[in-house]
Amino acid sequence: MTLSLVFRIQAVMFAIFGFGMLLAPGAMMSSFMPDVVENAVAESIMQGMSLMVLAMSYISWQMPNWAADNIKTVGMFFAIVHVAWIVLTIFQMTSGAFPSDTANLVGNIGPDVVLAILFFWKSRADA
């Protein structure tokens with residue numbers, strides 16, 4: 001597995017979530033937070049955020065081409081970003097904003113843990 005492949009895996013995950021947020025915002029909200037009351041404002045905000053997630057997908061896909069020799073630096077940055085998302089999600093779960101059930105632990109924290117490890121590992125390889 002190469003660092004470029006890790007970027008592509010991240011891009012696919014961002015795309016899945018981004019298109020889900022764009023096309024079915026209510027379903028995306030209720031899948032992570034069943035107690036959330038769907039309303040037009042929340043769905044519109046979710047759709048707006050989907051464009052940022054889709055942009056991150058494109059950036060992640062292109063990053064191996066754009067960064068070239070500096071790819072390990074960018075990979076380490078994304079490792080730190082995923083750790084920050086893990087810390088934020090744990091805080092949100094402990095404060096009661098998100099339920100700390102298995103679905104959120106696996107579906108919300110799981111991908112970030114895997115991607116953080118892969119980015120740290122592959123960014124440090126041959127360093």
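None of the figures in this text is laboratory data; all of them are computed from the coordinates on show. Keep in mind that this is a model prediction, so the values were computed, not measured. Virtual Cβ from ideal backbone geometry, glycine too; neighbours counted across all protein chains shown.
Close Cβ contacts (under 7 Å, 6 or more residues apart or on different chains) running from residues in the range 48-61 that are within 24 Å of Thr73 (Cβ to Cβ) to residues that are surrounded by 12 or more Cβ atoms within 10 Å (Cβ to Cβ) and among the charged types (D, E, K, R) comprise Trp61/Arg8. Listed conditions (1) under 16 Å from Ala11 (Cα atoms); (2) crowded, with 19+ Cβ neighbours inside 10 Å are all met by Ser123, apart from (1). The condition of being touching a residue at least 40 places away in the same chain (Cβ under 8 Å) and of a type in the set (A, V, I, L, M, F, W, C) holds for only one of Ala79, Ala42, that being Ala79.
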